[in-house]
Amino acid sequence: MSETINSGVAMVQTLESWGVNHVYGLPGGTVNNLMYALDAEKDNINFIHVRHEEVGAMAASADYKIAGQIGVAIGSAGPGATHLLQGIYDAKMDKVPALYLVGQSPQSDMNFDAFQEMDEDPLFQDGAVYARTVTTAVSLPHVVDEAIRRAYAYHGPAVVIIPNDLAGKEIPAEGNYSSANAHRYNHLAAPNDQDIKSALSLIAEAKRPVMFVGVGTKNDADAIMELSTKLQMPVMTSAIAKDIIPSDFEALLGSSMRVASKPANEALTKTDLILFVGSDLPFGQIEFRPEVKFIQIDSNPAKLGKRHHADVAILTDASEALAKLVALSTPAPKSDWYAANVANVANWWQYLNHLMDRTDDPMRVEPAFKQLNRIADPDAIFSIDVGQVDQNAVRMLRMNGQRRWFTSGLFATMGFGLPGALAAALQYPGRQVFNLTGDGAFSMIMQDLITERRYHLPIINVVFSNDVLGFIQDEQEDEHHEFFGIDLNSMDFAQIAEAQGVKGITVTKMSELEAAFDQANEVAQSGSPVLINIHILDERPIPVEHLQLDPSQFSADQINAFKKRYLAEDLQPLSYFLDQQN
């Protein structure tokens with residue numbers, strides 16, 4: 001008689017073969033057999049019991065963002081399934097592999113309008129790169145293996161819908177296999193020399209070239225900085241690529257648009273050539289002027305020419321292309337354009353440091369970032385939520401090539417900070433992990449602080465409370481509308497943390513700030529999570545997308561009013577530094 005194995009256990013062993021060591025989820029009647037299988041394999045894989053499926057779904061997306069390892073989350077039929085959509089769409093839009101296992105009524109109950117039964121298959125067809133309903137117990141391990149393979153191959157989320165009865169049957173032990181050992185990444189051919197020379201010829205003709213790099217260049221910081229200096233091309237990054245280039249690189253302009261830095265936005269208004277590498281910036285058609293020469297390097301042919309007419313398009317790996325650009329180029333003469341941008345970056349950091357050094361009450365947000373930079377380990381990981389905290393973090397957190405910074409990029413879902421921190425702490429035990437969030441975003445997922453405590457994850461949660469949805473308030477101001485629907489009733493998040501067994505610290509004035517961060521760091525170093533709730537003024541971060549600094553565009557009264565509001569008396573426009581160089 002042939003040996004058998006439980007179908008759910010065989011499926012869990014398939015997960016293990018792909019390097020999965022934890023699964024996020026919440027139990028439910030239609031995933032009971034999945035839970036029993038995880039229990040049977042608990043010595044090899046951990047079940048992370050979250051308090052809301054949305055948190056598990058976003059954490060699964062974050063697993064790959066921070067560690068390059070596919071994440072897995074479970075949701076039961078009906079409401080459990082719909083709660084997974086936040087993570088599924090975050091994974092889809094940031095193009096990261098993730099796997100979502102969705103419960104379904106037993107086959108005998110399907111199509112009978114059973115309790116919590118719904119037609120789940122259409123629900124996931126848009127969001128997932130692969131979505132299938134399992135139809136036999138024997139095929140369950142194979143479908144999950146296929147889903148993981150497709151998720152990696154197509155850079156997105158995969159969904160497997162599993163009728164509960166099919167995860168609890170005995171199936172033949174022989175014949176099941178995982179394709180994990182055969183997993184490979186595509187390696188594109190090296191760029192041909194003619195394409196590289198065409199790109200270098202355009203760069204040589206340009207008077208004001210810039211580089212724009214995205215997450216596709218995550219391993220190429222040294223080549224980017226070398227090429228920037230060699231060809232006198234300042235560098236800007238997409239916001240989600242903030243952690244690639246060290247913050248102290250003299251020609252790092254930062255990111256553009258709203259979650260952005262002043263030097264990047266200004267350079268885009270004056271550049272005549274963009275070398276665009278490893279990015280799919282969604283605002284490109286808005287930000288990049290039509291007349292600008294455009295060189296694009298990407299590993300995905302669907303991206304070439306997507307955001308701007310490409311004068312030179314190179315389909316290859318970013319690392320290969322950057323290495324060849326460095327090797328085949330000759331040093332450009334010292335450039336007034338490059339020097340002016342370097343001076344503009346230095347002036348921008350002087351402005352930010354001035355704000356971070358303030359000691360007055362009521363307290364602004366910037367001094368808290370000074371403390372974050374002070375206590376952060378050299379390899380600290382920052383999970384950033386969505387809102388004004390994104391803007392402030394992208395500007396003021398200091399990166400060094402080892403620290404990591406990640407968020408919900410294109411989907412930009414509020415509430416990402418805590419799930420991202422869960423993933424980071426599980427993937428990198430022993431490393432310092434921060435969750436930076438605002439009061440609006442944190443209130444959506446605050447119940448899962450207890451998940452940090454349950455699994456002894458020493459995350460430092462920093463909640464900035466200004467009692468308003470600040471990012472939307474800024475939009476309403478720009479659209480000249482009265483403020484409506486944006487105010488938040490104040491909550492004591494430190495007490496909420498304490499109620500969940502997490503140390504809570506409240507900061508309401510400057511004299512408490514430094515000690516609060518020292519105390520939080522000590523708690524985390526002892527192995528426990530901690531939360532700092534910092535009450536800050538409702539002050540808009542300087543809108544770098546609507547600068548009023550250039551005397552050729554604005555009156556003296558407009559410039560003075562802008563500088564007064566944003567404490568920017570010493571901040572100069574890029575044109576000032578260009579005039580100095582010329």
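Report yes if residue 401 is over 12 Å from the mean Cα position of the chain (by Cα) and in contact (Cβ under 8 Å) with a residue 24 or more places away in the chain, otherwise no. Yes; evaluated as a whole, the condition is true for this residue. Here residue 399 does not fit the description of being farther than 30 Å from residue 68 by Cβ, assigned to a loop (DSSP other than H, G, I, E, B) and of a type in the set (A, V, I, L, M, F, W, C).
What are the residues in region 199-222 that are part of a helix (DSSP H, G or I) and either charged (D, E, K, R) or in contact (Cβ under 8 Å) with a residue 12 or more places away in the chain (or both), if any? Of everything in region 199-222, those that are part of a helix (DSSP H, G or I) and either charged (D, E, K, R) or in contact (Cβ under 8 Å) with a residue 12 or more places away in the chain (or both) turn out to be 199, 200, 202, 203, 204, 205, 215, 216, 217, 221, 222.
Restricting attention to region 308-325, the residues being open to solvent by less than 40 Å² (accessible area, probe 1.4 Å), farther than 16 Å from residue 203 by Cβ and outside any loop (DSSP other than H, G, I, E, B) number 1.
Would you check if residue 337 is open to solvent by 20 Å² or more (accessible area, probe 1.4 Å), closer than 22 Å to residue 246 by Cα, assigned to a helix (DSSP H, G or I) and out of contact with any Phe, Trp or Tyr (no Cβ under 8 Å at 6 or more places or on another chain)?
no
Looking only at residues of region 225-261 that are under 19 Å from residue 393 (Cβ atoms) and of a type in the set (Asp, Glu), we find that the one that is least open to solvent (accessible area, probe 1.4 Å) is 243.
The residues in region 77-95 that are over 15 Å from residue 125 (Cα atoms) and open to solvent by 10 Å² or more (accessible area, probe 1.4 Å) can be counted, and the count is 4. Please go through region 500-517 and pick out each residue that is open to solvent by 30 Å² or more (accessible area, probe 1.4 Å) and out of contact with any Lys or Arg (no Cβ under 9 Å at 6 or more places or on another chain). If the condition is that a residue be open to solvent by 30 Å² or more (accessible area, probe 1.4 Å) and out of contact with any Lys or Arg (no Cβ under 9 Å at 6 or more places or on another chain), then 503, 506, 508, 509, 511, 512, 515 are the ones that fit.
This table checks each residue for (1) among the polar types (S, T, N, Q); (2) on the phi < 0 side of the Ramachandran plot; (3) surrounded by fewer than 24 Cβ atoms within 10 Å (Cβ to Cβ).
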position: 414; (1), (2), (3): no, yes, yes
position: 440; (1), (2), (3): no, yes, no
position: 456; (1), (2), (3): no, no, yes
position: 469; (1), (2), (3): no, yes, yes
position: 483; (1), (2), (3): no, yes, yes
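Selection of first residues in region 546-573 that are surrounded by fewer than 16 Cβ atoms within 10 Å (Cβ to Cβ) and of second residues that are in a loop (DSSP other than H, G, I, E, B), restricted to Cβ pairs under 6 Å at least 6 apart or on distinct chains, gives the following pairs, ordered by first then second residue: 550/573; 558/548. Given the residues 368, 393, which is the only one that is open to solvent by less than 10 Å² (accessible area, probe 1.4 Å), modelled with pLDDT of 95 or more and under 16 Å from the mean Cα position of the chain (by Cα)? From the options 368, 393, the qualifying one is 393.
Condition test on residue 225, is it assigned to a loop (DSSP other than H, G, I, E, B) and not aromatic (Phe, Trp, Tyr)? No; evaluated as a whole, the condition is false for this residue.
For region 143-164, a residue qualifies if it is buried (at least 21 other Cβ atoms within 10 Å of the Cβ) and either in a loop (DSSP other than H, G, I, E, B) or not assigned by the TED database to the domain that holds residue 33 (or both), and exactly one does: 156. The residues on offer are 167, 182, and the sole one that is crowded, with 16+ Cβ neighbours inside 10 Å, of a type in the set (A, V, I, L, M, F, W, C) and more than 26 Å from residue 410 (Cα to Cα) is 167.
Residue by residue, here is whether (1) in contact with a Ser or Thr (Cβ under 7 Å, 6 or more places away or on another chain); (2) outside the structural domain of residue 387 (by the TED database); (3) free of Cβ contacts under 8 Å to residues at least 40 places away in the same chain holds:
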{"residue": "431", "(1), (2), (3)": "no, no, no"}
{"residue": "438", "(1), (2), (3)": "no, no, no"}
{"residue": "442", "(1), (2), (3)": "no, no, no"}
{"residue": "454", "(1), (2), (3)": "no, no, no"}
{"residue": "459", "(1), (2), (3)": "no, no, no"}
{"residue": "463", "(1), (2), (3)": "yes, no, no"}
{"residue": "474", "(1), (2), (3)": "no, no, no"}
{"residue": "477", "(1), (2), (3)": "no, no, no"}
{"residue": "498", "(1), (2), (3)": "no, no, yes"}
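Within region 444-472, the residues that satisfy the criterion of being among the polar types (S, T, N, Q) and in contact with a strand residue (DSSP E or B) (Cβ under 9 Å, 6 or more places away or on another chain) are 451, 461, 465, 466. There is no residue in region 345-361 that is small (Gly, Ala, Ser) and within 23 Å of residue 203 (Cβ to Cβ).
When region 262-278 is limited to residues that are in a loop (DSSP other than H, G, I, E, B) and open to solvent by 10 Å² or more (accessible area, probe 1.4 Å), the one that is nearest to residue 351 (Cα to Cα) turns out to be 272.
The values are calculated or read from the model by the stated rules, or taken from the named source; none is laboratory data. On a predicted model such as this, the values are computed, not experimentally measured, just so you know. Methodologically, a virtual Cβ is constructed for each residue, glycine included, from the backbone with ideal geometry; neighbour enumeration extends over all protein chains shown. Protein only, heavy atoms only, side chains kept; ligands, DNA and RNA dropped before computing areas. Shrake-Rupley method; radii C 1.70, N 1.55, O 1.52, S 1.80 Å.
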